[in-house]
Amino acid sequence: MGAEECCDDHMEVSISDSLAFREVQRVLQSVRMDPFLIDLRDKDEYDYLLLAVDPTRKRDLDEEAMLVTTLKALSEAVPKIDIMYHHALLNNIFTMCIWYLREDTRDALLDLITRLAAVADQYLRECLQMLVNNFAPPRPLVPTTEQPRWLARKKEIYYQLHESLKMISDTVPLAARILKDIINRSMPKLFDTKAKMVSFVECMLGLDTERLGDLIGSTLLEKVVDLLTELDVNITWEDILQEEHSKGIFEMELEDLDDDEDNLGQEGTKALFGGNVFADKLDGLMVVVCEHLKSCDRDRLFKEYCILKTIFQKAVLKVHKSKFAQFIMFYACSLDPEICGVDFALFLTDIFTKEEDDAIARMSAVSYVGSYLARARFISADTVVAVLKRLVEWCDSYCKLKRDPLKPIDHQIFYASCQHPEHLSAVLLTLQAVMYVLCFRLRSIMDYPNLKSQLFQMPIESILMDRLEPLKVCLPSIVNEFLRQARAARLFNAPVDLPLEDIVESDLSKAFGGANRLDMFFPFDPYLLRESDRYIRPNFEFWSLVQTTYSNNSDDDEELGDLDAPGMNVDSLDDHIEIDFKDDDDIEYSMNKMSITPHRSFHPMAMSSGSGLSMPARIRPSVSPPS
């Protein structure tokens, strides 16, 4: 008896649905005429249909069940829908928000959208726009969607949107091109909320898979990197330092040892940013992008890396105010060190050594490769040596061209009158990058006899002793640490000393030379964003963890782990610090703060601006001896 009742109920529902479908088709047909000719009863029924799909209406369970039936009926009646006579109906459909609907209602609505999109030359753009509009929840729902119980529902909604877009792109060849344009126009703006940015980008990156990803993946990643970079350059170092006036920029890589690691990665960094809205948005987006890269299989990751590499060269490499966006490349490389990690180092080196590239790109590339090789734990010592060899050979070839023992050099005149200052500055940047890398990696290289032999054969000593005296232009903290380690490793045949007492602080290396040393930006200085720090920290080399050639591997070294990591307490905000450069203890102290972005940057992008960069928050300035 129960089975018979169930069967009767099913037949009744089917009959009711069939009647509803026919009724909806009849109503749509009845209003396809001049408004003055429409029967009043038909007009009332059409108005009731409009009310049934009113996007602003709140519905109980019975009303939502009726909406499901109406949407299904409209899906069957798509050929009857006419944009001229049913404009109000279409407007209601295209402005509906799926975030307020139950799963079966969303299914019915999205089925209607995919069917409308397939109508030739009619509703494709409107359907795609409607789906993109639902990438982020409406503002009133944002607090709710952050609750754990909403996470599953959010994933369901993303999945339904992705499936609908994939179905449309499979059905309509033109869809992918129009979708790219719509996403471009709909991207979150700088002052949109963090919730909107994160939700939109998370949903958008979900499209970067399989066939649809092959069609529009490069556009999606390009838009994301553009947004990251825009947020990044709007974070000033003054913002990061606000509320930290009692803490110093000279202890930027020192942590409070009493805090545990979790606390370091959260409270400390949060305090540094003082609630900066741009940093908070960027932090959330970095989490989304890193999760996207983490979810890729090996083949897909390599495709994403290749796209990101192209975008990086075009949109990030020459942005001298970028502080965090470049770490997307760092993280992508860390996921596949053998292929992506090595390739990125060679890619940067190629940019630098190709003289047909513009000077800004070349000098930025050598800054990047130096910082990358020093900080990336996942890069092997043999890769480091291979890249250093190319950089040193390039420097040596330039120095050989300028060597004329019969002509004494007045350095001030030479640097100021150099016919190709971009070549000279490239040499100085490269030499400083080489020394910087060796400060971090010399000890590990010395552990491999074959690599040690290759390093000892490089003409580093002859470059350092060149009559141009390049060491006078490089950052003293790097020079002294490098020379200290080089002496311990017996890298040179003869002593290499520098008259440090003659070096004075320069606001900007105006003419590259004389007593003015070179200051530069190291793009992979310690990462300061709180939430996304967990993706970078495991693969990042902090200075305090580095084993130097003069280190005795004492147990004290292990106790100092992560001293220079973000999230620590710092003590002073002095603009200068007195260091006795003849005292090894003071030199070691200065190198414990191995993040060395200057108060005034030599970066080539700043040379034409007439002013230096703002002082970074945990990225230290150059250090001068007492005057």
**Q.** All positions within region 54-95 that are surrounded by fewer than 17 Cβ atoms within 10 Å (Cβ to Cβ) and outside any helix (DSSP H, G or I)
**A.** ASP54, PRO55, THR56, ARG57, LYS58, ARG59, ASP60, ASP82, ILE83, MET84, THR95
Q) Is one or more of the residues making up region 429-437 at pLDDT 60 or above, touching a Lys or Arg at 6+ places or on another chain (Cβ under 8 Å), open to solvent by less than 10 Å² (accessible area, probe 1.4 Å) and of a type in the set (Gly, Ala, Ser)? A) no
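Here is a list: LYS323, LYS389, LYS314. Which entry is more than 21 Å from ASP533 (Cα to Cα) and in contact (Cβ under 8 Å) with a residue 40 or more places away in the chain? Reasoning before the result, please.
Values: LYS323 fails: more than 21 Å from ASP533 (Cα to Cα); LYS314 fails: in contact (Cβ under 8 Å) with a residue 40 or more places away in the chain.
The conditions single out LYS389.
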Q) Which one of these is β-branched (Val, Ile, Thr) and at pLDDT below 85: VAL13, VAL24? A) VAL13
Q. Hey, among the residues in region 499-548 that are at pLDDT 90 or above and hydroxyl-bearing (Ser, Thr, Tyr), which one's nearest to VAL434 (Cα to Cα)?
A. THR548
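With at pLDDT below 95, over 26 Å from ASP280 (Cα atoms) and of a type in the set (A, V, I, L, M) as the only criterion, which of LEU116, LEU109, LEU174, LEU161 stands out? Don't jump to the end; show me each part of the working.
Values: LEU116 fails: at pLDDT below 95; LEU109 fails: at pLDDT below 95; LEU161 fails: at pLDDT below 95.
Criteria check complete, one pass: LEU174.
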(Q) Conditions first: (1) of a type outside the set (A, V, I, L, M, F, W, C); (2) modelled with pLDDT of 50 or more; (3) in contact with a helix residue (DSSP H, G or I) (Cβ under 6 Å, 6 or more places away or on another chain); (4) over 15 Å from ALA376 (Cα atoms). PRO566 passes all but one, so which condition is the exception? (A) (2)
Q. Which residues, taken from region 177-215, are open to solvent by less than 40 Å² (accessible area, probe 1.4 Å), hydrophobic (A, V, I, L, M, F, W, C) and at pLDDT below 90?
A. LEU212
Q: Could you grab me the full set of residues in region 190-228 that are within 24 Å of ALA152 (Cα to Cα) and not in a helix (DSSP H, G or I)?
A: THR193, GLY206, LEU207, ASP208, THR209
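The values are calculated or read from the model by the stated rules, or taken from the named source; none is laboratory data. Please read all numbers here as calculations on a predicted model, not as lab measurements. Every residue, glycine among them, receives a Cβ derived from its backbone with ideal geometry; neighbour counts consider all protein chains shown. These area figures cover heavy atoms from the full protein model, side chains too; ligands, DNA and RNA do not enter into them. Shrake-Rupley method; radii C 1.70, N 1.55, O 1.52, S 1.80 Å.
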